[in-house]
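The values are calculated or read from the model by the stated rules, or taken from the named source; none is laboratory data. Keep in mind it's a predicted model, so treat the numbers as computed, not measured. Here the Cβ positions follow ideal geometry from the backbone for every residue, glycine too, while neighbour counts run over all protein chains shown. Quick note on the areas: whole protein, heavy atoms, side chains included, nothing else; ligands and nucleic acids left out. Shrake-Rupley method; radii C 1.70, N 1.55, O 1.52, S 1.80 Å.
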Amino acid sequence: MSVKLFVPCDTTALSLGADRIAAALQREADSRGATVEIVRNGSRGLFWLEPLVEVETAAGRLAYGPVELEDVAALADSGLFEGAQSHPLALGLTEEIPYLSRQQRLTFSRIGITDPLSLADYRAHSGFAGLEKALKLSPQAIVDEVKASGLRGRGGAAFPTGIKWQTVLAEPEGRKYIVCNADEGDSGTFADRLVMECDPYMLIEGMTIAGLAVGASQGYVYLRSEYPVAHRMFKEALKRAYEAGYLGADVAGSGRRFDLEVRLAAGAYICGEETSLLDSLEGKRGMVRPKPPLPAIEGLFGRPTVVNNVLSLAAVPFILDQGGAAYADYGMGRSRGTLALQMAGNIKRGGLIELAFGITLRELMEDFGGGTFTGRPLRAVQVGGPLGAYLPESQWDSPMDYEAFAAFGGVVGHGGVVMFDDTVDMGEQARFAMEFCAVESCGKCTPCRIGSVRGVEVIDRIRAGDNREANLELLTELCETMVDGSLCAMGGMAPFPVQSVMKHFPEDLQA
Amino acid sequence: MGVPMSVPKTSAQNITSISPAIRAGFEDWTPALVKQEIDALKDKPGAMLPILHAIQDRFGYIPEATVPIIAEAMRQTRAEVHGIISFYHHFRTHPVGAHVIHICRAEACQSMGSRQLESHIKSRLGADYHQTSRDNEFTVEPVYCLGNCACAPSIRIGDDIHGRMSPDKFDRLADRLTTSTLELK
Ligand SMILES: Cc1cc2nc3c(=O)[nH]c(=O)nc-3n(C[C@H](O)[C@H](O)[C@H](O)COP(=O)(O)O)c2cc1C
Ligand code: SF4
Ligand code: FES
């Protein structure tokens, strides 16, 4: 009888040699006369264990990891093909690894379990159940279900998704678009990537439902060019979804049309901002547009457009299948549902953690994350990407929730958590925040374009001990000017990390 | 925006004269081939970025001399096309070496020593950002996040991402890549 093995194929597993591990396992099996079927599954998101090899047994899937090439022969000797657990890398049942079993996976319920490109796997795990329900509902009823879920956009701004959809639905019939923002530019984030690489049909399903809800028959996914694996996987998933009749002129035999295309971005952080993204999709430089008009009213090619983050759209199949109330059952206050936390940087156990809103940063970094990778004391953590503040220890006990974070000047953003140990030079981090803004500014407004360049210079002077007091004052004013005078959050928030360093880590702004 | 396009940025300007085998799958461009790429895409809505990607993917860069061809086909001015190309960090107008290395400069990688890795790679290859090593093997580019932030620091070579990179690992990788290119010839 053939044994089923699983070797993940997402970017992280591949970046640690998963292809070579898969080949070596096949060789070991062949040389022992064992018949194995190697499935290239998605990643479970337990990245510190990648490449994570699994073996299917009657009791469930058993895990081994992180597997290096040198380990494969010994693993085979120890009886991996029979699910033996004697090797030091054996981890027992995958589902019982605490990091995973303590999560609440609604959106990421399938990742790592299935072959990402297998439609049969997708269907066997509730795939397209949300779409089937949506096809029986009126557009308004779909929008109402999304409103009832309390879902707020996961791209950063946390705007209620149902209200956005309502605006587009309310526009007169005609050409409308669904645009998925897969630009995922924040350092420390990879949840969008995981959706596209490990469960691409979920995004296709979510976008199709969005199309049905607002009366749009064309969708675009705007994907960052830094994600070649996601691009490859998603293109293949699109092809198969078309072949199986889930996309095109007759979605799942309903007579309704929905077409979907993936477009590659070209390495500009600002193109994650929705209006800049639309300009880029139209083939122009990605300049930020003033709002109003809202994209929901005048979006892509001047037409009403839903722009949503990957995770917002990926939450929709669950909401339609299980009901908006089932989603809203999770969370706290006005932050409903689950949040995809992405634990990164200097961390022992980095990876994806999907949990209801409300867990504290400290629990995430210590209980789940196990502290720093280096084993040194944790000093600072940046939440919410390059425009998010650096948080000192005094702020680690606040719950992950949009309002709670906003109350102390923090940003949940897309859910990225980047940890730094005590060797970090916070002055250098402050400088980088300004440098990044200078590199990535679209150039439309002066406070952002010029202010960021000045910011770098002033921080350099402060760090060199040149007129420190006067320059700190100058930096304070410069930050305020950028916050108040910028057209979009790029220039408006780039000072946040700088201000947090001035406030909480002033000792690093000395010569 | 951007850098004037005629400023030489690389230490190896005339790489078009190097045999195609060295350039890892990139073809030498001709106006006819460029037109072929444009014609295949130009009727899509918002075709400009797909076209620029197609040209760079095929030839390794977007040669200066293709700008008038693109401009004419897309009914835009040359200045507009220049403006678009220079806006996006991904597009380049200079030829590249056999392998393009993107080093992640973003925060998660910084927290795991990417600044030291960055200087190691640059000094080992004798090339700064946007430059190509003297042997035409490697072009070095910056990138801000590859989505591999839990296993930092990361670099990208061609379409392969490599996680938990260290100076030692990089040296071994570079040696392996250099030998395999030689074998191709
Ligand atoms: C500078 C900047 C960068 C952004 N980058 C992204 C991004 O990479 N992905 C994303 O989904 N939203 C990003 N956003 C937020 C988008 O403008 C927009 O709010 C979002 O795509 C809307 O989708 P949502 O409501 O589902 O979150 C960015 C915003 C700014 C100001
Ligand atoms: S704040 Fe910066 S990125 Fe935003 S519109 Fe102004 S110049 Fe462009
Ligand atoms: S910060 Fe380097 S891969 Fe994300």
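Straight-line cross-link partners of B:LYS44 among the aspartates and glutamates, defined as a Cα under 12 Å from its Cα and at least 8 positions apart when in the same chain: A:GLU261, A:GLU282.
Seen through its C-alpha gyration tensor, with square-root eigenvalues sorted a ≥ b ≥ c, region A:119-328 comes out rounded because a/c lies under 1.5.
If A:LEU294, A:LEU5 are ordered by their accessible area, calculated over protein heavy atoms with a 1.4 Å probe, which sequence runs from highest to lowest? Provide the component values of the computation, followed by the final result.
On the way: A:LEU294 85, A:LEU5 0 Å².
Output order, biggest surface exposure first: A:LEU294, A:LEU5.
Shape class for region A:107-195: oblate, because the ratio a/c of the largest to smallest gyration tensor axis (alpha-carbon atoms, square roots of eigenvalues) is 1.5 or more and b/c is at least a/b. Exceedance of the 28 Å cut-off in Cα-Cα distance is limited, within the set A:LYS147/B:LYS42; A:LYS136/A:LYS239; A:LYS503/B:LYS122; A:LYS133/A:LYS239, to A:LYS147/B:LYS42; A:LYS503/B:LYS122. Note on region A:331-421: Kirkwood hydrodynamic radius from all Cα pairs is 12.7 Å, rounded to one decimal. A simple spin-label model places the labels of A:ALA157 and A:LYS235 3.1 nm from each other, with each point 7 Å out along Cα-to-Cβ. Think of each Lys and Arg Cβ as +1 and each Asp and Glu Cβ as -1; about the Cα centre, that makes the dipole of region B:99-174 roughly 180 debye. Counting only other chain Cβ atoms within 10 Å of each residue's Cβ, the peptide A:413-420 averages 3. Defining a contact as two alpha carbons under 8 Å apart and six or more residues distant in sequence, what relative contact order in percent does chain A show? Relative contact order for chain A comes out at 13 percent. Under DSSP H, which helices of chain A have Cα atoms covering 18 Å or more of the helix axis and a Kyte-Doolittle average no less than -1.0? In chain A, the long hydrophobic H runs are A:18-31, A:200-214, A:228-243, A:310-322, A:426-440, A:446-463, A:468-485.
Computed over protein heavy atoms with a 1.4 angstrom probe, the accessible surface ordering of A:ARG362, A:ARG154, largest first, is A:ARG362, A:ARG154.
R0 = 45 Å: FRET efficiency of A:ALA325 with A:LYS503, Cβ-based, nearest 0.05?
On the way: r = 41 Å, r/R0 = 0.92.
E(calc), rounded to 0.05, equals 0.65.
By the rule of a C-alpha distance below 12 Å, with chain neighbours fewer than 8 residues away ignored, the aspartates and glutamates paired with A:LYS284 are B:GLU80.
Estimated from the Cβ-Cβ distance and a Förster radius of 35 angstrom, the FRET efficiency linking A:LEU69 and A:ALA407 is about 0.10.
Each part reduced to its alpha carbon centroid, region A:42-101 and region A:367-422 end up 30 Å apart. The calculated FRET efficiency for the pair A:LYS4 and B:GLU72, based on their C-beta separation and a Förster distance of 41 Å, comes to about 0.15. Modelled spin labels at A:GLU96 and A:ARG257, positioned 7 Å past Cα toward Cβ, are 5.4 nm from each other. For region A:337-457, the relative contact order works out to 25 percent when only alpha carbon pairs closer than 8 Å and six or more residues apart are counted.
Rounded to the nearest 20 debye, the dipole size of region A:3-101 about its Cα centre is 140 debye, using +1 on the Cβ of Lys and Arg and -1 on the Cβ of Asp and Glu.
Over all Cα atoms in chain A, the spread is summed up by Rg and Dmax: 23.6, 76 Å. Across region A:396-407, coupling constants 3J(HN,Hα) worked out from phi with the 6.51/-1.76/1.60 Karplus curve, θ = phi - 60°, read 7, 9, 7, x, 6, 6, 4, 6, 4, 5, 4, 4 Hz, and Gly and Pro carry x. DSSP bridge analysis restricted to the protein assembly as shown gives an antiparallel fraction near 55%, rounded to the nearest 5. Only helices enter this figure: runs of n ≥ 4 DSSP H residues, each worth -39500 (n - 2.57), summed and divided by the residues of chain A, yield -11500 deg cm²/dmol at 222 nm to the nearest 500. Protein-only accessible surface at a 1.4 angstrom probe places the residues A:ARG289, A:ARG123 in the order A:ARG123, A:ARG289, largest first. Dipole orientation for region A:3-101: of the candidates A:VAL39, A:THR12, A:HIS87, A:VAL39 has the Cα lying most toward the positive pole (charges on Cβ; Lys, Arg +1; Asp, Glu -1). Once all protein chains are placed together, A:ASP115 keeps about 50 Å² accessible to a 1.4 angstrom probe.
The string of couplings for region B:131-148 from the Karplus curve (6.51, -1.76, 1.60, θ = phi - 60°) is 10, 10, 5, 4, 7, 6, 7, 10, 10, 10, 10, x, 8, 10, 5, 10, x, 10 Hz, one whole number per residue in order, with x for Gly and Pro. Here each label is just a point 7 Å from Cα along the line to Cβ, and for A:ASP250 and A:MET332 those points are 5.1 nm apart.
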